[in-house]
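Please read the structure below before turning to the comments.
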Amino acid sequence: MYWEQNAASVEYADKVMLRLEQVEKDIEAREAAWKGELRKSKLPGLGVFAGPSYTSAGDFQLAVGFGIVWKLW
């Protein structure tokens with residue numbers, strides 16, 4: 001009876017270790033994907049922008065346009 005119980009507990013421990021290894025791999029894959037998406041979101045791209053601009057006459061005016069934009073925060 002002891003040897004049967006011991007074999008069952010060893011088998012259970014092996015299954016748990018395999019599951020933990022899979023969870024660790026899934027976490028690492030998700031983290032790598034998240035970092036890749038974060039890096040991609042900070043790259044410049046084409047888009048519409050609006051904001052204050054300083055003119056050569058020394059005035060501040062509203063500027064709206066289309067061009068290269070990037071995320072500041």
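Restricting attention to the range 26-73, the residues that are of a type outside the set (Lys, Arg) and in a loop (DSSP other than H, G, I, E, B) total 10.
Residue-by-condition table, conditions (1) within 14 Å of the chain's Cα centre (by Cα); (2) at pLDDT below 90:
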position: Val23; (1), (2): no, no
position: Ala32; (1), (2): yes, no
position: Gly36; (1), (2): yes, no
position: Pro52; (1), (2): no, no
position: Thr55; (1), (2): no, yes
position: Leu62; (1), (2): no, no
position: Phe66; (1), (2): no, no
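Filter the range 43-70 down to the residues that are surrounded by 10 or more Cβ atoms within 10 Å (Cβ to Cβ) and touching a residue at least 24 places away in the same chain (Cβ under 8 Å) and list them by number. Matches in the range 43-70: Pro44, Gly45, Val69, Trp70.
The values are calculated or read from the model by the stated rules, or taken from the named source; none is laboratory data. Quantities reported herein were computed from a predicted structural model and do not represent experimental measurements. Every residue, glycine among them, receives a Cβ derived from its backbone with ideal geometry; neighbour counts consider all protein chains shown.
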